[in-house]
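The values are calculated or read from the model by the stated rules, or taken from the named source; none is laboratory data. Treat the numbers as computed from the prediction; the structure is a model and nothing was measured. Ideal geometry is used to build each Cβ from the backbone, glycine not excepted, and the neighbour counts take in all protein chains shown. Surface areas here come from the heavy atoms of the whole protein model, side chains and all, with no ligands, DNA or RNA. Shrake-Rupley method; radii C 1.70, N 1.55, O 1.52, S 1.80 Å.
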Amino acid sequence: MKKLFLFAFALCLSAVQTAQASPPKDTLVMAFKIDDIISLDPAEIFEFSGAEYAANAYDRLINYNVDHVSEIYPGIAESWDISGDGLTYVFKIRKGVTFASGNTLSADDVVFSLRRVVLLDKSPAFILTRFGFTPDNVEKTITKVDDYTVRIVVDKAYAPTFFLYCLTSTAGSVVDKKEVMAHDKDGDLGYGWLKTGYAGSGPYTLRIWKASELMVLDANEHYWGDAPKLKRIIIRHITESSSQRMLLEKGDIDMARNLTADDLKSLENNTDIKLQKRAKGKVYYLGLNQKNQYLKIPEVRQALKYLIDYKGMEQTILNGQATLHQSFLPKGFLGALEETPFSLDIEKAKALLKKAGLGNGFTVTMDTRSSEPLTSMALSIQSTFAKAGIKLEIIPGDGKQTLTKYRARRHDIYIGDWGPDYMDPHTNADAFARNPDNADDAKSKSLAWRNAWDIPEMSQKTDAAVLERDTAKRARMYLDLQREHQQCSPFVIMFQKIEVVAEKANVNNFILGPSFDSNFYQYTTK
């Protein structure tokens, strides 16, 4: 009966929002592509939309200032201490916090949540397991001192902020142990239930999620912090930019999250609508699978970097929504490299292909999510590749389809975007420049692993950088790493994302942060 009620409620909301001229004053309705959401379990969430959901529905031990990222401030943990040897972290848990269920949040929930990420070992688990946590040792390394104190012991003395930034990620979300374990089935730690369920303490609670269609969040009446300003958030999955724009202009929605450059331009003179922009940590890139007989050739990888119309795409397809960027660390991160050595150069690309013995080109496929701007970017790349004799077949799919194939290393070329899991530079260095085990069944599955790039020496350099406690020296190490990576990697890094939100003039204080999981609904008003 409950499932039937929720399904009917979702349909009613969708119909009402389509028909009415304006959403209720206490409700924010946004059009947002959410087809990349695979799971609602914080121990498994590893996609942009899912992480934004978790940021608004769950609390973490600590947080960072979205305008001054170096400022880390208390969340569920009201204070913390780090031992002199850099190995032990002790967190004092805030008292008086309750979950949406009404259960009291304590050290038991924090310990359970962090251990659970390690034990389930889903996609984001590496964010914690990199610190030496394993299913065999978590009972000793992540422990409860008393009802409101948690001790965590890491395996090495990492750069001071590294571990703390990792705890600000989705994997650091605190779940309600009692609620989750009430749904445990055959020892799965409630995983089967939490994939579509909710057990958080954040400012908003989950009311409905219907995959690739609708999500409804309600204000959490038990929230311990500043009360949410709006009673409800309704997220409608609408893929077409033109449809989002039309609904916004009609007043059927308050906010459009995925407008193309053309649709944004058409709104510039509309006084009823305003645009909010924020540079994000997300980068757009191509991943070249090194299992492919052509893409594994160094000269071919280099040639493809000269077959991208970077400036053309920046000025047209991405107009105002991204800026040219060709290194794995986005601007704003410690040690980010802002050099852009590649530009469209057909003749140079042809010479490199000829050197590789492929003067007549070759045929290759590219998996592409069926959404903008990726579709238009793919078509542009298809056109410029053809000028050097490379026939590019575009394989479209939704977010789940393309990601699943990419994570299984079954692609040739993948076009996509990547955002940081936390605000320390190791987040992207670990993804793009580290692959300690290139086996198909490897435990660590970074982007380098997804593209079958075997790099033992670069992996060692990446590991060394995260242990460097001298900030200036560490920044130089990342600059050197990126310069090497630009020239030899199977990644064609092209742009850094600028998120643009179109919203009605009466919408205020929707917080856009530098990462995909630092967009917040809590202070939004109408």
Unique residue being open to solvent by 40 Å² or more (accessible area, probe 1.4 Å), assigned to a loop (DSSP other than H, G, I, E, B), within 30 Å of SER101 (Cβ to Cβ) and not polar (S, T, N, Q) when the list is LYS178, LYS229: LYS229
When the range 311-368 is examined, which residues are found to be open to solvent by 10 Å² or more (accessible area, probe 1.4 Å), within 23 Å of LYS291 (Cα to Cα) and under 27 Å from the mean Cα position of the chain (by Cα)? THR365
Sole residue being over 30 Å from LEU479 (Cβ atoms), in contact (Cβ under 8 Å) with a residue 12 or more places away in the chain, in contact with a strand residue (DSSP E or B) (Cβ under 7 Å, 6 or more places away or on another chain) and not aromatic (Phe, Trp, Tyr), chosen from LEU324, LEU267: LEU267
Residues SER101, SER83, SER106, SER113: which one is polar (S, T, N, Q) and open to solvent by less than 10 Å² (accessible area, probe 1.4 Å)? SER113
Quick count over the range 204-218, residues being open to solvent by 10 Å² or more (accessible area, probe 1.4 Å) and either farther than 15 Å from ASP41 by Cα or not hydrophobic (A, V, I, L, M, F, W, C) (or both), is 6
From the option list ASP470, ASP463, ASP437, single residue qualifying as out of contact with any Leu (no Cβ under 8 Å at 6 or more places or on another chain) and touching a residue at least 24 places away in the same chain (Cβ under 8 Å) is ASP463
Of everything in the range 56-68, what is part of a loop (DSSP other than H, G, I, E, B) and either within 17 Å of VAL150 (Cβ to Cβ) or in contact with a Leu (Cβ under 6 Å, 6 or more places away or on another chain) (or both)? Give them in sequence order. TYR58, LEU61
Checked pairs for the range 194-206, first among the β-branched types (Val, Ile, Thr), second part of a helix (DSSP H, G or I) and open to solvent by less than 10 Å² (accessible area, probe 1.4 Å), C-beta under 9 Å and 6 or more apart or across chains, list as THR205/ALA57
Kindly establish whether SER169 is at pLDDT 95 or above, of a type in the set (S, T, N, Q) and closer than 23 Å to ASN519 by Cα. no
Within the range 128-153, track down each residue that is crowded, with 22+ Cβ neighbours inside 10 Å and among the aliphatic types (A, V, I, L, M). LEU128, ILE142, VAL150, ILE152
Here the residues within the range 69-111 that are touching a strand residue (DSSP E or B) at 6+ places or on another chain (Cβ under 7 Å) and in a loop (DSSP other than H, G, I, E, B) are GLU71, GLY75, ILE76, LEU87, ARG94, ALA100, LEU105, SER106
Looking only at the range 350-372, and only at residues there that are among the aliphatic types (A, V, I, L, M) and in a loop (DSSP other than H, G, I, E, B), the one that is farthest from ASP480 (Cα to Cα): LEU358
Given GLY281, GLY287, which one is open to solvent by less than 50 Å² (accessible area, probe 1.4 Å) and either modelled with pLDDT of 95 or more or in contact with an Asp or Glu (Cβ under 7 Å, 6 or more places away or on another chain) (or both)? GLY287
Given the options THR402, THR384, name the one that is buried (at least 20 other Cβ atoms within 10 Å of the Cβ), in a helix (DSSP H, G or I) and in contact with a Leu (Cβ under 7 Å, 6 or more places away or on another chain). THR384
Check on ASP26, more than 13 Å from GLU213 (Cα to Cα), surrounded by fewer than 16 Cβ atoms within 10 Å (Cβ to Cβ), in contact with a Lys or Arg (Cβ under 6 Å, 6 or more places away or on another chain) and at pLDDT 95 or above: yes
Find the helices (runs of 4 or more DSSP H) located wholly in the range 411-525 whose residues include 3 or more that are on the phi < 0 side of the Ramachandran plot and buried (at least 24 other Cβ atoms within 10 Å of the Cβ), and list them. 426-432, 471-488
Being of a type in the set (Asp, Glu), in contact (Cβ under 8 Å) with a residue 40 or more places away in the chain and in a loop (DSSP other than H, G, I, E, B), is that true of even one residue in the range 290-300? no
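A quick yes/no check of all residues on (1) part of a loop (DSSP other than H, G, I, E, B); (2) more than 30 Å from ALA465 (Cβ to Cβ):
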residue	(1), (2)
LYS311	no, yes
ASN319	yes, yes
PHE328	yes, no
GLY335	yes, no
THR340	yes, no
LYS348	no, yes
Examine the range 294-305 for a residue that is crowded, with 24+ Cβ neighbours inside 10 Å and at pLDDT below 95, and state whether such a residue exists. no
Taking the range 135-175 as the region of interest, how many residues are outside any strand (DSSP E or B) and more than 24 Å from the chain's Cα centre (by Cα)? 13
